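Below: the structure, in structure tokens.
The values are calculated or read from the model by the stated rules, or taken from the named source; none is laboratory data. As the structure is a computational prediction, the values presented were derived from the model and not from experiment. For neighbour counting, all protein chains shown are included, and Cβ atoms are generated from backbone atoms with ideal geometry for every residue, glycine included. Just the protein is used for accessible areas: all its heavy atoms, side chains included, with ligands, DNA and RNA removed. Shrake-Rupley method; radii C 1.70, N 1.55, O 1.52, S 1.80 Å.
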Amino acid sequence: MTTTTSPSPAQTINPMLVIVCGCLIALIAFGARSTMGLFTAPITEANGWGRETFALAMALQNLIWGMAQPFAGAFADKFGTFRVIIAGAIIYATGLALMSMADSVFLLMLSGGLLMGLGIAMTSFSVIMASFARLVPPEKRSWSFGIATAASSMGQFVFAPLGQAFISGFGWEMALLLLAGSVLFMFALVLPLRAARGGVARDETELEMSISQALTRAVSNASFVLLTLGFFVCGFQVAFMTVHFPPLLVQEGIDPQLAAWSIGIVGLFNIVGAYSAGIVGGKYSKRYSLTILYLARSAAMTLFFVIPITPLTTVVFSACLGLLWLSTIPLTMGLVTVICGTRYMAMLYGVVFLSHQVGSFLGVWLGGRLYDQTGTYDTVWWIGVALGLFAALMHWPIKEMRAPAFSVPDGAKA
């Protein structure tokens, strides 16, 4: 059976406009989320909570994000990215606004946990990159994934100091309302993505199947399973750092402004790292690149913790971490498309991403839990180092090729 390319609305719009608007949406979505670590101290102090309470809300946010991502991806695959992002922006902004009023644990979990998690899932780079994959030709997909991931990192660089400025200038409640307003700006950027619902069609090697068939075949594939297990580690490490790295630095005597900027520095250098990963993924083995990346993360984390923590080492480590931060995403997304094709890539990447967010939940929650019990982040830090080695082992045996269950048999091709 042969699958042919048919005209689509995306062919009547400048692809670069779609990429630019999609990147700006990813910038806002990830940027607003990346400020949450800055609210750890003010919200817990204002309500007399331990850090575990706030950490649990952020862990719930990550878990809901992961659980919702396959469904957001499936809706985007079926109905288009436009509708999903519009609904997601409303939910996201509502969560931030309600979080500014959080004077009970229930309201914190509802706003910062449930609503923000749903909103992030529906506006994140996962949905954006699926739109790009159907818009650009196969040889440029890895590059487009790198661009989207780099834009997300730029959001981290922009919003981390901006969020701290909001808190310092207006208080944490108004800072959250201002962030909610910035999320609603997505409405002005989403229109070009409405025309990009179709895009580049599947090639003749991709097999027609239902959503349930695609899911069943993916989770039965060993390489897909290994990729999913490895991405758990990325979630654990990144989420732990996003929420707990600034307060860890303050505890070590680093100035709060530099602690806030550390996350911004991570985002700035990840622009280079993510974009480079997109290029590398288009030229070299994605599985080997991911193996090296996770080993490098563990090495950097080890060095930072065994030498004295100073402003200089903080900046250097933040820069190194930034080069490795979200560089996993274009490579992981690229492997999903290589193994499973593009038809249901948003949904299938959502499944892989669910593992990432389970790791995120554990990284954030354990960070707060063990800090309250021991007064330090040492144990969780070393767990993160060990998990990096585990992830490297998971990626090494992946088969970087289209899975037979997703391929049209040779005799059926034109």
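Tabulated data for the structure shown
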| read-out | value |
| --- | --- |
| Net charge of Cβ neighbours under 14 Å - reference R369; Lys, Arg +1; Asp, Glu -1 | -2 |
| 0 to 90° range, to nearest 10: angle between helix 345-374 axis and the chain longest Cα axis | 20 degrees |
| Portion, in percent, of the accessible area of the chain that falls on carbon or sulfur, probe 1.4 Å | 71 percent |
| Debye log10 I(q)/I(0) for segment 315-361, one point scatterer per Cα, at q = 0.20 Å⁻¹ | -0.72 |
| Helix-only mean residue ellipticity at 222 nm for the chain, each DSSP H run of n ≥ 4 adding -39500 (n - 2.57), per residue, nearest 500 | -25000 deg cm²/dmol |
| The chain: angle of helix 328-340 to the longest principal axis, Cα-based, in degrees nearest 10 | 30 degrees |
| Residues of the chain: accessible area per residue with a 1.4 Å probe, Å² | 36 Å² |
| Folded to 0 to 90 degrees: helix 222-251 orientation relative to the chain principal axis, Cα | 20 degrees |
| Spin-label model distance (nm) - I211 vs I307, 7 Å beyond Cα toward Cβ | 5.0 nm |
| Chymotrypsin sites (Phe, Trp or Tyr not before Pro) within segment 237-343: DSSP coil, no more than 12 neighbouring Cβ in 10 Å | Y284 |
| P(r) of segment 78-131 over all Cα-Cα pairs, binned every 10 Å from zero, in whole percent | 29, 44, 21, 6 |
| Which listed pairs, of K78/K283; K78/K286; K283/K399, have C-alpha distances above 25 Å, in listed order | K78/K283; K78/K286 |
| Relative contact order of the chain, pairs being alpha-carbon contacts under 8 Å that are 6 or more residues apart, as % | 29 percent |
| Reported label for calculated Cα extents along the principal axes in Å given [x] 67, 62, 45; [y] 66, 42, 33; [z] 66, 57, 41 | [y] |
| Efficiency of FRET between D372 and M16 - r from beta-carbon atoms, R0 45 angstrom, step 0.05 | 0.40 |
